[in-house]
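Scroll down for the structure; my scribbles are underneath it.
The values are calculated or read from the model by the stated rules, or taken from the named source; none is laboratory data. Everything quoted here is computed from the prediction, not taken from an experiment. Every residue, glycine as well, gets a Cβ built from its backbone with ideal geometry; the counts of neighbours run over all protein chains shown. Protein only, heavy atoms only, side chains kept; ligands, DNA and RNA dropped before computing areas. Shrake-Rupley method; radii C 1.70, N 1.55, O 1.52, S 1.80 Å.
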Amino acid sequence: MLMKVRDLDNFTFVLFGANSDLAARKLFPSIYRLASWNQLPGRYRVIGVSRSDFDHETFRAFVRRSIEADDPGVTIDPERFEAFSSSLFYVPVDLTRPEDYAALRDEIRRGVEEEASCRNLLFYLSTPPSLAAHIIGNLDSAGLGGRRPACEGWRKIVIEKPYGHDLESARELNRIVGEVFHEEQIYRIDHYLGKEPVQNILVFRFSNGMFEPLWNRHYIDNVSITIAEDFGIRERGAFYEEVGLLRDIVQNHALQLLASVAMEPPVDLSADAVRDEKEKVFRSLRPLAGEAARQNVVLGQYEGYRREKNVSPESLVETFAAVRFYIDNWRWKGVPFFLKAGKNLSRRVTEIVITFKCPPQNFFGPPDSCSYTANQIVIQIQPGETISIRFGTKRPGEELVTDPVFMTFDYNASFGMEKMSPYQRLLVDAMAGDQMHFIRQDSVESSWAFVDGIRKAFAGSLPDPYAIHSEGPVSVARLIGG
Ligand code: BG6
């Protein structure tokens with residue numbers, strides 16, 4: 001992949017929303033790392049676009065501060081940063097005004113010979129969903145759309161989540177972007193798909209002969225997915241009031257993890273073969289709407305959320321969701337998948353736990369003690385990057401009783417090398433033209449269809465309260481227990 005990227009020349013990265021929180025926290029540090037690791041094309045330029053009143057120099061200073069804030073211990077090598085900084089440019093644009101895009105087009109064309117200047121263009125939308133349609137339409141009117149390249153080379157667009165705010169708006173966005181770019185030029189990004197342990201799920205499942213034969217309803221009792229954070233919404237009150245946790249985490253990160261665990265083996269490793277199998281999982285999800293949603297979902301809101309900045313004192317927005325999913329296909333029929341995701345929980349952890357059924361006879365403990373030692377595969381995505389297998393073993397001593405023990409693989413211990421960040425990895429994929437870890441049009445729509453059912457069922461209801469740094473609302477117990 002990197003070979004392909006290094007072979008590119010005349011690459012321009014155009015970042016809409018250059019003043020966004022995401023750009024500062026994730027994108028600039030990732031681009032800088034790509035540049036310092038020599039993972040960008042030979043000649044590259046980064047053009048920041050937003051309403052902020054920067055010029056090239058103040059933009060460069062802003063980028064530098066973002067890189068320093070990302071890794072406070074880091075000492076930026078002045079020469080390396082200078083080389084990087086000279087490739088950064090800025091154009092102030094009111095994203096809704098078509099006439100502002102002429103300046104952007106001029107900046108894209110400036111500095112390189114006319115012919116080559118439009119070769120490889122990657123547009124990145126780190127902007128609220130409501131602006132996406134404006135940007136795409138205005139790019140097209142300025143002659144920068146993917147379906148009408150002015151000269152050879154490629155044009156691609158990366159669109160950040162949330163992709164729309166429900167099924168209808170996602171469909172509309174797909175229609176609009178589809179008029180200006182071909183599906184092969186569209187990269188709907190979910191940074192979870194750039195995490196090493198998430199990409200490893202495919203490898204773990206399909207490169208080992210010993211797990212896959214057991215990976216089904218005959219041997220697996222349940223699967224649980226946790227995406228827990230020990231902090232609140234931080235400064236993003238306005239965003240959260242519009243979005244809520246179902247849209248922020250469940251529609252994308254959680255459903256993508258679920259699909260990676262539950263999908264069938266792809267026919268090959270092409271992007272579409274992998275995405276075909278994920279899409280089948282979404283289509284096999286038992287819909288959770290109306291009463292079914294109320295029985296299988298608990299929404300929560302942490303105490304104090306309504307006092308956060310830019311949050312309504314009467315807000316009904318959820319900051320927590322627990323969902324019991326069922327996948328109605330031959331592999332998974334009847335196996336519950338439990339999801340728990342939330343802000344301000346007791347600890348920060350993202351992990352998937354696959355719990356196997358108990359052996360038919362339990363010789364080594366009281367009859368109901370099996371769950372104490374039930375076999376599990378625990379895929380921890382963060383903070384650790386580990387896979388552990390849990391099994392029962394004889395406790396040393398005279399008696400024949402079992403204790404659970406773990407065998408653990410740890411990325412750091414085994415490989416120890418400095419890893420690419422998810423955004424770094426996904427940017428390389430987008431430049432190289434690999435869409436495997438990006439979400440296809442059909443899947444973005446089927447995951448919205450699923451989440452919309454839950455949202456509608458709870459519309460106007462007060463989420464269950466939970467204490468900060470707890471395990472979530474106490475009502476969650478009824479899902480796990482039932
Ligand atoms: C983002 C959400 O997509 O993912 C945030 O908008 C969330 O609310 C973040 O905190 C979690 O990402 P990570 O990589 O820190 O788990």
(Q) Of the residues Arg234, Arg247, only one is within 18 Å of the chain's Cα centre (by Cα), near the ligand (Cβ under 10 Å from one of its atoms) and of a type outside the set (A, V, I, L, M, F, W, C); which? (A) Arg247
Q) Looking at (1) modelled with pLDDT of 95 or more; (2) surrounded by fewer than 19 Cβ atoms within 10 Å (Cβ to Cβ), which is the only condition Arg105 fails? A) (1)
Q | Subset of the range 337-364 (residues that are more than 16 Å from the ligand (Cβ to nearest atom) and closer than 23 Å to Gln199 by Cα) | A | Phe337, Phe338, Val353, Ile354, Thr355, Phe356
Q: Those residues that are in contact (Cβ under 8 Å) with a residue 60 or more places away in the chain, among the aliphatic types (A, V, I, L, M) and open to solvent by 60 Å² or more (accessible area, probe 1.4 Å), I need them from the range 187-235; list them, please.
A: Leu214
Q: Please work out which residue is farthest from the ligand (Cβ to nearest atom), limiting yourself to the range 216-231 and to residues that are among the hydrophobic types (A, V, I, L, M, F, W, C) and touching a strand residue (DSSP E or B) at 6+ places or on another chain (Cβ under 8 Å).
A: Ile220
Q.
Checking Pro383 against (1) more than 16 Å from the ligand (Cβ to nearest atom); (2) surrounded by fewer than 16 Cβ atoms within 10 Å (Cβ to Cβ): exactly one of these is not met. Which one?
A. (1)
Q) Looking only at strands (runs of 3 or more DSSP E) that fall completely inside the range 369-482, which ones have 1 or more residues that are within 25 Å of the chain's Cα centre (by Cα) and either closer than 25 Å to Phe211 by Cα or not assigned by TED's automatic domain parsing to the domain that holds Ile249 (or both)? A) 376-382, 386-394, 402-410
**Q.** Subset of the range 321-336 [more than 29 Å from Tyr240 (Cα to Cα) and either of a type in the set (Gly, Ala, Ser) or within 13 Å of the ligand (Cβ to nearest atom) (or both)]
**A.** Gly334
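Residue-wise test of (1) in contact with a Phe, Trp or Tyr (Cβ under 6 Å, 6 or more places away or on another chain); (2) open to solvent by less than 30 Å² (accessible area, probe 1.4 Å); (3) closer than 28 Å to Ser284 by Cα; (4) of a type outside the set (D, E, K, R).
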position: Gly392; (1), (2), (3), (4): no, no, no, yes
position: Asp429; (1), (2), (3), (4): no, yes, no, no
position: Arg455; (1), (2), (3), (4): no, no, yes, no
position: His469; (1), (2), (3), (4): no, no, no, yes
position: Val474; (1), (2), (3), (4): no, no, no, yes
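A quick yes/no check of all residues on (1) among the aliphatic types (A, V, I, L, M); (2) farther than 26 Å from Arg440 by Cα:
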{"site": "Leu285", "(1), (2)": "yes, no"}
{"site": "Ala289", "(1), (2)": "yes, no"}
{"site": "Ala292", "(1), (2)": "yes, yes"}
{"site": "Asn296", "(1), (2)": "no, yes"}
{"site": "Val311", "(1), (2)": "yes, yes"}
{"site": "Gly334", "(1), (2)": "no, yes"}
{"site": "Leu339", "(1), (2)": "yes, no"}
Q | Scan of the range 365-380 for residues that are within 16 Å of the ligand (Cβ to nearest atom) and among the hydrophobic types (A, V, I, L, M, F, W, C), ordered by number | A | Ile379
Q) How about the range 348-385: which of its residues are modelled with pLDDT of 95 or more and among the acidic types (Asp, Glu)? A) Glu351, Glu385
Q: Scan the range 195-232 for residues that are out of contact with any Pro (no Cβ under 9 Å at 6 or more places or on another chain) and part of a strand (DSSP E or B) and report the count.
A: 5
Q | Positions within the range 331-344 being in a strand (DSSP E or B) and charged (D, E, K, R), in sequence order | A | Lys340
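Would you check if Tyr240 is within 16 Å of the ligand (Cβ to nearest atom), over 23 Å from the mean Cα position of the chain (by Cα), touching a residue at least 40 places away in the same chain (Cβ under 8 Å) and open to solvent by less than 40 Å² (accessible area, probe 1.4 Å)? Lay out the reasoning, then the answer.
Details: within 16 Å of the ligand (Cβ to nearest atom): yes; over 23 Å from the mean Cα position of the chain (by Cα): no; touching a residue at least 40 places away in the same chain (Cβ under 8 Å): yes; open to solvent by less than 40 Å² (accessible area, probe 1.4 Å): yes.
Judged against the criteria, Tyr240 is not a match.
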Q) Does Arg25 qualify as being part of a helix (DSSP H, G or I) and open to solvent by 70 Å² or more (accessible area, probe 1.4 Å)? A) yes
Q. Do you know which residues across the range 386-423 are within 15 Å of the ligand (Cβ to nearest atom) and modelled with pLDDT of 95 or more?
A. Pro422, Tyr423
Q.
Please determine whether any residue of the range 42-63 is part of a helix (DSSP H, G or I), under 22 Å from the mean Cα position of the chain (by Cα) and in the same structural domain as Asn138 (by TED's automatic domain parsing).
A. no
